[in-house]
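Take a look at the structure below.
The values are calculated or read from the model by the stated rules, or taken from the named source; none is laboratory data. Since the model is a prediction, treat every value here as computed from it, not as a measurement. Counting neighbours? That spans all protein chains shown, and the Cβs are built from the backbone with ideal geometry, glycine included.
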Amino acid sequence: MNLRLRYLLLPALLAGIGSANAETPSDRALFRSIYKELVEINTTDSAGDTTRAARAMASRLKAGGFENSEIRIIVPPGAPKKGNLVARLKGAGQRRPLLMLAHLDVVEAKREDWARDPFKLVEENGVFYARGSVDDKSMAAAFVANMIRMKRERFVPDRDLILALTADEEIVPSRFNGLEYLLKHHRDLIDAALAINEGGRGIVAPDGTYLFNGIEAAEKVFQTYRLEVTSPGGHSALPSKDNAIYHLAEGLTRLAKLDFPLKLSEITRTYFERASKLQRGQLAEDMRAILKEPPDPAAVERLSRIPLQNAQMRTTCVATMLEAGHATNALPQRAGAVVNCRILPGEPVDEVRATLERVLADPRIRITPDGEPVASPPSPLTPEIMAAVEKITGEMWPGVPVIPIMLPGATDGRFLDNAGIPTYGVSGQFRDGGDSGVHGLNEHIPAKALYESREFLYRLVKALSS
């Protein structure tokens, strides 16, 4: 079947996928068991072990009918606790494979700071609490359970389905990033036509209404800079105007007032166009007004006050760490700061650094890049991916639109995009409007959202491989 005909027939090909092979109580019980086991394996960088997690998931797949030849545990030399899992469900070979990507590692969590043990899955009032309950063990467990479910059903996809569970996504930069290692040394195991990843989710209104299902098709480029000023120092009883703290503070004050220019892409234009239909009043008007040529300056200024909308509109740079001085009774010999930038796809990183130099406006402030930036080209919003996501969203949540988004943060999807594998963040997780404690305290996800997401991903993978 040629590509054009496939897209024309896609609605018919997708029809009925959601109703076939309905979930059984044992499917849900198995998923919860896998999820609990994975969450309760500590995979932090300081004390954790992603190799242990990868082996645990390999055991689950083997128990679910996968052969040893279909599963690989890959551990980089010199990093015994940074293991990765790659598993494959063979298909008919009519198309290049589909990759399902999730990371096994999690951000650090201190027991004394949390209301509950972060490495024990706790369910209270219909909500799951634990480190990794969302990011990203929810999707990792869903992919494992769905692979087992499809194996049991003897589903034969028209393309191979590849599962990759990787290490060190949360460490930037990392010597042992699992996906980078797989691309460099085992590209054949994960080579695919497209990939499904974290990064997109459903947005829920304060009253519980499902507003839209977000599909992430672009990421900002992560780049950190270290700022440093030095001074001669001396006794604090003999102060001088040549003070490292003052130089740095004045520069950072100027940086705080910086707004990078408004730049909209195909993805962010589509986001504001569709999101405006879900809003009311001034916010809806402003979203439409910035799409005009030229954009309405007052609308731009109002949207810039909303962090979520501002991050979709422009590059951002923000001070995140500060340190200075060495004694209470001594003039500072050094003052330093960290500035983290999230750069629009396609915007030259060198231009961002030049902007920082211009705005800081002090040659005494040295700017040093911390790590090398990784370009993050947007993935095309093809009929194949959009039709499938829109169809299944409509089946599960009638009337809920699908809206493309640009992720202000970064995922391992950027490495796949650079390797020529278009990657889409889509989970079907409808969570509250906050961050659900992701990277912070008391990370959590409603049980309803978790189970719906697992079913959504099951249907989506089938739709993209049938």
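Count of region 392-406 residues, restricted to those that are in a helix (DSSP H, G or I) and either in contact with a Ser or Thr (Cβ under 6 Å, 6 or more places away or on another chain) or within 18 Å of Arg454 (Cβ to Cβ) (or both), is 4.
Candidates are the residues of region 241-294 that are under 30 Å from Ala335 (Cα atoms) and hydroxyl-bearing (Ser, Thr, Tyr); the one that is surrounded by the fewest Cβ atoms within 10 Å (Cβ to Cβ) is Thr253. Of the residues Ala289, Ala324, the single one that is more than 30 Å from Tyr210 (Cβ to Cβ) and either of a type in the set (Gly, Ala, Ser) or touching a Lys or Arg at 6+ places or on another chain (Cβ under 8 Å) (or both) is Ala324.
In this structure, is Gly346 within 21 Å of the chain's Cα centre (by Cα), at positive phi and modelled with pLDDT of 95 or more?
Values: within 21 Å of the chain's Cα centre (by Cα): yes; at positive phi: yes; modelled with pLDDT of 95 or more: no.
No, not satisfied.
Listed by position, the strands (runs of 3 or more DSSP E) inside region 147-238 whose residues that are in contact (Cβ under 8 Å) with a residue 40 or more places away in the chain and closer than 25 Å to Leu89 by Cα number at least 2 are 161-166, 194-197. Of all the listed residues (Ser174, Ser133), the sole one being in contact with a helix residue (DSSP H, G or I) (Cβ under 7 Å, 6 or more places away or on another chain) and of a type in the set (S, T, N, Q) is Ser133. Could you list, in sequence order, the residues of region 199-226 that are among the aromatic types (Phe, Trp, Tyr) and under 24 Å from Pro380 (Cα atoms)? Hits for region 199-226 are Phe212, Phe222.
Sub-6 Å Cβ pairs linking a first residue in region 401-424 that is within 20 Å of His439 (Cα to Cα) to a second residue that is among the β-branched types (Val, Ile, Thr), at least 6 apart or interchain, are Met406/Ile267; Met406/Thr268; Gly413/Thr423; Arg414/Val374, ordered by first then second residue. A count restricted to region 19-56 and to residues that are at pLDDT 95 or above and part of a loop (DSSP other than H, G, I, E, B) stands at 10. Applying a threshold of 6 Å to beta carbon distances and a minimum spacing of six or more residues, or different chains, the list of pairs starting in region 30-49 at a residue that is within 28 Å of Pro173 (Cα to Cα) and ending at one that is at pLDDT below 95 reads Asp45/Ile171. Applying the set (1) part of a loop (DSSP other than H, G, I, E, B); (2) modelled with pLDDT under 95 to Pro294 leaves exactly one unmet item: (2).
Highlighted here are the strands (runs of 3 or more DSSP E) found entirely within region 83-127 that include at least 1 residues which are more than 24 Å from Thr51 (Cβ to Cβ) and either of a type outside the set (Phe, Trp, Tyr) or in contact with an Asp or Glu (Cβ under 9 Å, 6 or more places away or on another chain) (or both): 98-103, 122-124.
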